[in-house]
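Here's the structure, in structure tokens; my notes come after.
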Amino acid sequence: MENWFNVGKIVNTHGLLGEVRVISSTDFPEKRYKVGNTLYLFRETEKKPLPLTIRSHRTHKNFNLLTFENYYNVGQVEVFKNGILKIKESQLGKLDEGEFFFHEIIGCKVFTDEEEEIGEIVEVLTPGANDVWVIKRTAGKDVLIPYIDQIVKEVDISAKRVIITPMEGLLD
């Protein structure tokens, strides 16, 4: 059974030439949306995913805009709205040391360097210069932890455990 990983969601069309707006949920948009790559479109109305080969990619505002080979007008891609773009596990590729896929980080338990449990990583945000991990606390409001060396000290994917040194006020 093939494992699938989300890359983004098609939220709308853009213009008349078959371009779609994608809200990205990928770790590496520059790799995933590279011209010539194949993504798989999952729609509620279809049993099998539709393979789509990327013809062009650009960013506009907070969206990734994609066109696909053999789809040249808005009428052809209108039915893609609300579809989820995914890749196969075999398309993930290798990472450098110290890099992680989002799906590896989500579910990790987070502890301070004094062994106090903070909670579990439930989401990864990519707002700008660095990723931000959303941690669901065992009690209280969620905590946002920037993924920077000054805070994140150790990541053990196999043990699903992260050690941080919180800055003053970070956990308040």
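Treat the count of other C-beta atoms within 10 Å as a stand-in for reagent exposure and order 147, 72 from fewest to most.
In increasing order of surrounding Cβ atoms, one gets 72, 147.
Our estimate of slack between residue 109 and residue 132, defined as 0.36 nm per intervening residue step minus the Cα-Cα distance, is 6.8 nm. When the alpha carbon gyration tensor of the range 62-172 is reduced to an equivalent ellipsoid, the three semi-axes, largest first, read 35, 16, 13 Å. In the chain, helical runs assigned H by DSSP with n ≥ 4 each contribute -39500 (n - 2.57); averaged across all residues and rounded to the nearest 500, the mean residue ellipticity at 222 nm is -1000 deg cm²/dmol.
The length gained by stretching the chain between residue 101 and residue 46 to full extension, at 0.36 nm per residue less their Cα-Cα distance, is 17.0 nm.
For a straight C-alpha distance cut-off of 15 angstrom, the aspartates and glutamates reachable from residue 136 (same-chain residues fewer than eight places away being disregarded) are 116, 117, 120, 123, 172.
Arranged by the count of other C-beta atoms within 10 angstrom, fewest first, what order do 154, 115 take?
115, 154
Calculated over the range 4-90, the projected area of the Cα convex hull averaged across directions stands at 5.2 nm². Counting only Cβ charges, +1 for Lys and Arg and -1 for Asp and Glu, the dipole size of the range 58-109 around its Cα centre is about 240 debye. With both labels modelled 7 Å from their Cα along Cα-to-Cβ, the residue 35 to residue 122 distance reads 4.2 nm. For a straight C-alpha distance cut-off of 22 angstrom, the lysines reachable from residue 31 (same-chain residues fewer than eight places away being disregarded) are 9, 61, 86, 88, 94. Placing +1 on the Cβ of every Lys and Arg and -1 on the Cβ of every Asp and Glu, with nothing else charged, gives the chain a dipole about its Cα centre of roughly 1240 debye.
Where a number appears in this text, it was derived from the coordinates with a stated rule and is not lab data. Note that this is a predicted model, so its numbers are computed, not measured. Glycine also receives a Cβ, built like all others from the backbone with ideal geometry; neighbour counts cover every protein chain displayed.
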